[in-house]
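The values are calculated or read from the model by the stated rules, or taken from the named source; none is laboratory data. As the structure is a computational prediction, the values presented were derived from the model and not from experiment. Glycine gets a Cβ as well: all are built from the backbone with ideal geometry, and neighbour counts include every protein chain shown. Remember, those area values only see protein heavy atoms, side chains included, never the ligands or the DNA or RNA. Shrake-Rupley method; radii C 1.70, N 1.55, O 1.52, S 1.80 Å.
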Amino acid sequence: MDKAYLAAALQAYLQLLAGKGAEPAVCARRRVLLTILNARLQGLPLQPDHYRLAVDALLAHCAAAEHPAVLATVREYYYFWLGDVARLARKNARGDFFTTLHPSVPLAGSLSELQAQMVQSGFADFPPALEIYLGELYENGVDARLLEQYEALIKPLLFLLRDQPHHADSYRMAVDGMLLQPGVQAWGDDFLQISREFYYYWLTFPHARARHQPA
């Protein structure tokens, strides 16, 4: 695609974000990132393989803590790059596809390192959601050993969320951060299922200090 096409796609994406309430600083950072991505996509056909390679190069350019936000950005921008108006309309109609936050999510080198960091920091500030979720699973007959494994995955997720706004965007990017940790991939779809289930508990039963924040 040529430079004019890519510039128009980028502007359309940023206008949508601004219309959804993204702060100017978020739009500015995403403009920088997607300008770098567009430079790598210029002159290439609209093929997913080219997009993936350009995204890999962009991730290599960014600090690891920004990777979850970058992944959200390129996932959203993909449909603008394709010029797929019908799919864009469907994604937009969902109401939860596009993100308006751009948090930094500190990552470790692996799941075990992340768990160790959590223990070493003394972090134990878990919201009521954790106990309620695990308690309901227990009442529904889930095996105690499996519950321990669930807990060992959810606690590091909450550790990544500790300094983030209580917002759906924060949760999604923390989940992306978890998926970037070697050791989580072994759980594959199971972790995604756990994170989707737990999301509604996290949203509904947060810390008292988060109850008045917009979700």
Give the aspartates and glutamates reachable from residue 20 as a straight Cα distance under 13 Å; neighbours fewer than 8 places away on the same chain don't count.
96, 169
Compute the long axis of helix 168-179 from its Cα atoms, compare it with the longest principal axis of the Cα atoms of the chain, and write down the angle in degrees, 0 to 90, nearest 10.
80
In whole percent, what relative contact order does segment 15-143 give with Cα contacts below 8 Å and a gap of six or more residues?
26
If contacts are Cα pairs under 8 angstrom and at least 6 residues apart, what is the relative contact order of the chain in percent?
22
Alpha-carbon Debye profile of segment 1-122, log10 I(q)/I(0) at 0.13, 0.23 Å⁻¹
-0.56, -1.39
Excluding residues fewer than 8 positions from residue 91 in its own chain, the aspartates and glutamates with Cα under 13 Å of it are 76
Any idea how far apart residue 196 and residue 110 come out in nm if each label point goes 7 Å out from Cα toward Cβ?
2.9
Length added when fully stretched, residue 49-residue 96, from 0.36 nm per residue minus Cα-Cα
14.3 nm
Hey, got the dipole for the chain? About the Cα centre, +1 on K and R Cβ, -1 on D and E Cβ, debye to the nearest 20?
940
Degrees separating the helix 85-94 axis from the principal Cα axis of the chain, which is the longest one:
30
What is the helix-to-structure angle for 128-139, meaning the angle in degrees between its Cα long axis and the longest Cα principal axis of the chain, kept from 0 to 90 and rounded to the nearest 10?
60
State the label only: which of (i) 57, 40, 28; (ii) 57, 34, 31; (iii) 51, 36, 30 corresponds to Cα extents along the principal axes in Å computed from the shown model?
(ii)
Which whole-number value in Å² is the accessible area per residue of the chain, probe 1.4 Å?
52
